[in-house]
Amino acid sequence: MVATAAQKLCFFKLFPIIFHDIVDLLPSFIVYKVLREILNLTLSYPFRKKWLRVLGELCDTFHETMPSHFPDKITPKEHFIREYKYTINDFGPAVRQWCFRYEANHSYVKKITVRTNNFKNIPKMLVTRYHLKQCLTFGHLSRLQSTQYPVGIKKVRSTCFNLPMKDILLKHFDHIDFDKDLYQCNTLIYDNVEYRRCGVYVIDLKPSHEQPIFAQITMIIKKNEKWWLLVDNLHTIGYDGKLSAWQIQSLSQYSLIAPNDLVYYHKELDIYLVNNLSFVSFISRLTLH
């Protein structure tokens with residue numbers, strides 16, 4: 001498969017959803033499930049020390065099952081997996097040493113190198129061009145002067161809200177004029193975290209078994225110079241082991257939360273429909289602080 005590392009990771013995450021009708025028939029699907037568990041642990045932040053033993057056992061299992069199902073596809077990277085347990089124990093969560101950001105920028109510089117036919121000191125060119133590009137971006141967007149950067153601001157009309165939404169807003173703000181007091185935006189960058197309308201986010205974990213609680217952003221609204229997220233609190237039905245995804249359902253139960261209340265997983269998630277059921281999928285194991 002010819003693709004970037006990010007594209008391969010996306011395909012890996014969605015593999016059981018894309019091929020949901022045949023994955024049960026694949027004898028080698030056990031290799032995927034073991035590798036998925038390894039990634040869930042290695043990309044977790046924070047990482048619990050008691051997970052090290054489980055991670056070591058999963059890496060040993062993967063190292064044993066891979067030759068039996070894919071004997072001609074083994075590369076040296078498969079052997080490096082057995083070192084994850086010791087690397088995390090010595091240096092902390094692996095996500096801190098993740099090189100995805102470097103590889104993404106390296107791809108950009110690689111194109112420039114080929115076009116200019118200049119192969120001298122590529123790392124220096126990478127750093128210089130990326131820093132100049134970042135300075136130009138920050139200088140135009142003025143993000144250094146503000147922790148909030150909304151995109152697509154416009155006035156809100158009262159017809160945008162249904163009755164349950166209006167009840168939530170009136171309960172929170174007491175007195176409000178829906179046609180004059182509120183603004184909305186499509187995207188809000190708050191403390192370097194991007195929030196988008198219709199995106200699904202993890203807003204909390206259940207204390208009993210650390211099951212994630214999901215919410216979908218219905219609107220991003222502003223009142224009195226402060227931004228709020230009007231979200232639809234989704235009901236988490238359970239985890240589907242076959243799809244490696246959480247099944248969710250909308251009950252039209254709304255609430256208003258501040259952007260800094262999302263402390264567990266800040267990446268926007270998409271909703272995938274499988275047999276008329278809704279699922280969200282992400283690679284990480286979340287834990288209470």
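The values are calculated or read from the model by the stated rules, or taken from the named source; none is laboratory data. Note that the coordinates shown come from a computational prediction; the quantities given were computed from them, not determined experimentally. Cβ coordinates were reconstructed from backbone atoms using ideal geometry, including for glycine residues, and neighbour counts include every protein chain displayed.
List of remarks:
- Residue within the range 21-32 that is of a type in the set (D, E, K, R) and surrounded by 13 or more Cβ atoms within 10 Å (Cβ to Cβ) present: no
- Boolean, Phe11 is out of contact with any Pro (no Cβ under 9 Å at 6 or more places or on another chain) and hydrophobic (A, V, I, L, M, F, W, C): yes
- Scanning the range 1-58 for residues that are over 25 Å from Tyr264 (Cα atoms) and assigned to a loop (DSSP other than H, G, I, E, B) turns up Met1, Val2, Ala3, Thr4, Phe19, His20, Asp21, Ile22, Leu26, Pro27, Ser28.
- Taking each residue of the range 34-47 that is at negative phi and looking for partners that are assigned to a helix (DSSP H, G or I) and of a type in the set (Ser, Thr, Tyr) with beta-carbon atoms closer than 8 Å, six or more apart or interchain, yields Val34/Thr61; Val34/Thr65; Ile38/Tyr84; Thr42/Tyr84.
- Of all residues making up the range 99-124, the number that are modelled with pLDDT of 75 or more and within 18 Å of Asn40 (Cβ to Cβ): 0
- Of all residues assigned to the range 260-278, at least one qualifies as being within 24 Å of Lys33 (Cβ to Cβ), in contact with a strand residue (DSSP E or B) (Cβ under 7 Å, 6 or more places away or on another chain), in a strand (DSSP E or B) and modelled with pLDDT under 90.
- Residues in the range 217-255 that are within 20 Å of Tyr149 (Cα to Cα) and buried (at least 18 other Cβ atoms within 10 Å of the Cβ): Ile217, Thr218, Met219, Ile220, Ile221, Lys222, Trp227, Trp228, Leu229, Leu230, Val231.
Each row is one residue, and each column tells you yes or no for (1) within 20 Å of the chain's Cα centre (by Cα); (2) at pLDDT 90 or above.
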{"residue": "Thr187", "(1), (2)": "yes, yes"}
{"residue": "Val193", "(1), (2)": "yes, no"}
{"residue": "Tyr201", "(1), (2)": "yes, yes"}
{"residue": "Pro207", "(1), (2)": "no, no"}
{"residue": "Ile213", "(1), (2)": "yes, yes"}
{"residue": "Ile217", "(1), (2)": "yes, yes"}
{"residue": "Glu225", "(1), (2)": "no, no"}
{"residue": "Leu229", "(1), (2)": "yes, yes"}
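- Among the candidates Lys77, Lys85, Lys73, residue that is touching a Gly at 6+ places or on another chain (Cβ under 8 Å) and either in the same structural domain as Pro27 (by TED's automatic domain parsing) or at pLDDT 85 or above (or both): Lys85
- Against the test of being hydrophobic (A, V, I, L, M, F, W, C) and in a loop (DSSP other than H, G, I, E, B), the options Ile248, Ile283 yield a single qualifying residue, Ile283.
- Cβ-Cβ distances below 6 Å connect the following pairs, each with a first residue in the range 142-158 that is modelled with pLDDT under 70, a second residue that is surrounded by 11 or more Cβ atoms within 10 Å (Cβ to Cβ), and a separation of six or more residues or different chains: Arg143/Tyr149; Leu144/Phe138.
- Candidates are the residues of the range 177-196 that are in a loop (DSSP other than H, G, I, E, B) and touching a strand residue (DSSP E or B) at 6+ places or on another chain (Cβ under 7 Å); the one that is surrounded by the most Cβ atoms within 10 Å (Cβ to Cβ) is Leu182.
- Within the range 197-210, the only residue that satisfies the criterion of being out of contact with any Cys (no Cβ under 9 Å at 6 or more places or on another chain), surrounded by 15 or more Cβ atoms within 10 Å (Cβ to Cβ) and in a loop (DSSP other than H, G, I, E, B) is Gly199.
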